[in-house]
Amino acid sequence: MSPVFPTVREVLALDPVRHGAPRLVAGDAGLDRPVRWVHVAEVPDIATLLGGGELVLTTGIGLPADDAGLRAFIGDLADVGVSGLVVELGRRYVSGVPRVMAAVADRRGLPLVELRRATPFVRITEAVHALIVDAQLTELRATEEIHQRFTELSVEGAGPGEVVRQAAELSGCPVVLENLSRQVLAYDPAGESAELLLDGWEQHSRRIRPAGRTAYDADSGWLVTTVGARGHDWGRLLLRWPGGGDLAAGRRVLHPAVEGGVGVAGAPPSRLTILVERAASTLALGRLIRRDAEGLERQIHRTLLTALLDHSRPVDEVALRARALGVVLERRHLVGVVVRHRADDPAGEGGHAGEAGHPGDPGAGDPESGPARLRDLAEAVGQALHEARLTGLSSAVDDHAVGVLLALTDPAAEERALAAFAAALRRGRPDTGALTDRVGVAAPGRLDGLPRDVPCNGAARPPSGGAVLIAAGSGVGSLREARRSLIEARQVADAARRDRRDLPIFRLPHVGLAGLLHLLRDEPRVQTFVERELGALLTYDAQHPREHLLGTLRAYLEQGRNKSAAAAAAHLSRPAFYERLARIGRVLDVDLDSVEACLSLHVALLALDAIRTP
């Protein structure tokens, strides 16, 4: 029932009721029941006409005279779910209501109130109904403000950090946005300690298991809603409501847009539910808009290479305009190449409070260092193409990388062309600075089926921030396939940045399965796979932090399912290790002697590592 309705306790505090000198006879446990309506009744079978939530007023003149009839009368009212019964003394009952009524009402938790002074019932009904109508109008105004605020955020294209900040400001409560792997994407502690809010977040989040797409978990005190659109969920938005769980003592002062009564059992007001759902819709819409806007922005501001990469212009138009630039792409062997620094420079990216950042990264204090470094890299790449006597399109493809589409007349010359390009880049002019480090080359490979919006800004940062690598996609024979080669090159480059080995040439086998999973780490389907395979075990470890069953499973799989070697690696006795394996099997409901089951679990572990690694 909506918390806009007053409780029995609040009704008893109204002036028209206080004028009747009310006295609670029984059922004090039900004083916080909401009152949906006030109904005057003088017949014993009134329960059949009620729907629940009513406060029944009576003088008692039509009530049964025998104890059995009174018991049935009170029982029927309790069964239908009325909020309370108010009896005016003086007409049927002079000194007080019968004891049997009080006994049954107290046993059923039904508030039973005596009015010891004559009071016009119409004044009570008017006062309560006015209170309900006024609260409903307030609810409507507050809901309108919430919708207006988040509509403005949608129109402005606000990022996740701003949406979360606004949700925290409106609610006065901490708000956290996480992905399907329980990693925090954005947060706002609403004035509380961010360290305390996020400490051990993944384990804490796994214990929050609401029933439904939007629901309140009373045990933890978190209101949770799923974030996603078009049938693809990618995260959860959580709001900590201080009216429930173990947080009731620290209740905060809320923004007027969500301030209101509290429902049964400390549940949050309906306005908070509306708020988190509206915020989740804004986040989902914003993600779709940003993805589409990125393609449009590149169509306007990027070169023909970026237009080809994003399908923002027809292939024939790209070929025509490229030919006008002196780059022939028809009937050529095309190779997509991406050149990038191993470490991102976040300068100039901005960001909102509460979003994860890297203030210690190089260049964070100079807003021009990121764009300048990218310009230097693009110039060096163009110069290397010229020195190697290669033909192709060259352009920045994102904020950190430069892309090249090589056009070769002979497919057999692919490896020689890549080697010549890498050598020319390694001999980069002195004023290119960062290019004096070793250059790596990633060779062709296929990574089919990857979404176009796989981000390239979350890989690990090796110590050498100036190191440069080259990634090459598989060679293709037509311009229509060039996008695949370019995307492969970008993805291989992203995965190769995580490899700390000092290799002159990086190939797809070097990144292996772990690299592939790294490329897919932000894909909701991979996160869903991890949750399906390991979710029960991660939840168990969160509830039993001393057992570390995930570590036991990792040791078992990394030792090739050799139990003796795994027990030694885990520093456990064999009986203890075997007992833990049996427990893992029960928790996950799998047979750990099955090669297929263990293979699936091992892939899930590698995916979990990729997701957890920044």
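Here's the yes/no breakdown for (1) open to solvent by less than 30 Å² (accessible area, probe 1.4 Å); (2) modelled with pLDDT of 90 or more; (3) under 25 Å from ARG521 (Cβ atoms); (4) touching a Phe, Trp or Tyr at 6+ places or on another chain (Cβ under 7 Å):
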site	(1), (2), (3), (4)
ALA186	yes, no, yes, no
ILE208	yes, yes, yes, yes
THR214	no, yes, no, no
ASP219	no, no, no, no
THR225	yes, yes, yes, no
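Kindly provide the set of residues from the range 583-602 that are buried (at least 18 other Cβ atoms within 10 Å of the Cβ) and under 22 Å from GLY512 (Cβ atoms), ordered by number. Hits for the range 583-602 are CYS598, LEU601, HIS602.
To keep it simple, each residue is scored yes or no on (1) open to solvent by less than 10 Å² (accessible area, probe 1.4 Å); (2) over 16 Å from VAL40 (Cα atoms); (3) in contact with a helix residue (DSSP H, G or I) (Cβ under 7 Å, 6 or more places away or on another chain).
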{"site": "VAL82", "(1), (2), (3)": "yes, no, no"}
{"site": "LEU89", "(1), (2), (3)": "no, no, no"}
{"site": "TYR93", "(1), (2), (3)": "no, yes, no"}
{"site": "ARG99", "(1), (2), (3)": "no, yes, no"}
{"site": "ARG108", "(1), (2), (3)": "no, yes, yes"}
{"site": "VAL113", "(1), (2), (3)": "yes, no, yes"}
{"site": "ALA130", "(1), (2), (3)": "no, yes, no"}
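Looking at the range 161-211, which of the residues that are of a type in the set (S, T, N, Q) and part of a helix (DSSP H, G or I) is nearest to ASP609 (Cα to Cα)? Going through the qualifying residues, I end up with GLN203. Residues that are of a type in the set (Val, Ile, Thr) and without any contact (Cβ under 8 Å) to a residue 60 or more places away in the chain within the range 184-216 comprise just one, ILE208.
Out of all the residues in the range 587-603, is one or more of a type in the set (A, V, I, L, M), in contact (Cβ under 8 Å) with a residue 12 or more places away in the chain, more than 25 Å from LEU520 (Cβ to Cβ) and in a helix (DSSP H, G or I)? So far as the range 587-603 goes, yes, one or more of its residues are of a type in the set (A, V, I, L, M), in contact (Cβ under 8 Å) with a residue 12 or more places away in the chain, more than 25 Å from LEU520 (Cβ to Cβ) and in a helix (DSSP H, G or I).
Candidates in the range 462-491 are the residues that are among the hydrophobic types (A, V, I, L, M, F, W, C) and in contact with a His (Cβ under 9 Å, 6 or more places away or on another chain); of these, the one that is modelled with the highest pLDDT is VAL476.
Residues of the range 30-59 that are at pLDDT 90 or above and surrounded by fewer than 19 Cβ atoms within 10 Å (Cβ to Cβ): LEU31, VAL40. Of everything in the range 371-412 that's in a helix (DSSP H, G or I), free of Cβ contacts under 8 Å to residues at least 60 places away in the same chain and open to solvent by less than 40 Å² (accessible area, probe 1.4 Å), which residue is nearest to ASP494 (Cα to Cα)? Going through the qualifying residues, I end up with LEU374. Applying the set (1) at pLDDT below 75; (2) within 28 Å of GLY172 (Cβ to Cβ); (3) touching a strand residue (DSSP E or B) at 6+ places or on another chain (Cβ under 9 Å) to ARG252 leaves exactly one unmet item: (3).
Picking from ALA158, ALA135, ALA118, which residue would you name as being in a helix (DSSP H, G or I) and either touching a helix residue (DSSP H, G or I) at 6+ places or on another chain (Cβ under 9 Å) or not β-branched (Val, Ile, Thr) (or both)? Explain how you work it out, then say what you get.
Working: ALA158 fails: in a helix (DSSP H, G or I); ALA118 fails: in a helix (DSSP H, G or I).
Answer to the selection: ALA135.
The values are calculated or read from the model by the stated rules, or taken from the named source; none is laboratory data. Computed from a predicted model, the values in this text were never measured in an experiment. Please note: Cβ atoms are built from the backbone with ideal geometry, for glycine as well, and neighbour counts cover all protein chains shown. Protein only, heavy atoms only, side chains kept; ligands, DNA and RNA dropped before computing areas. Shrake-Rupley method; radii C 1.70, N 1.55, O 1.52, S 1.80 Å.
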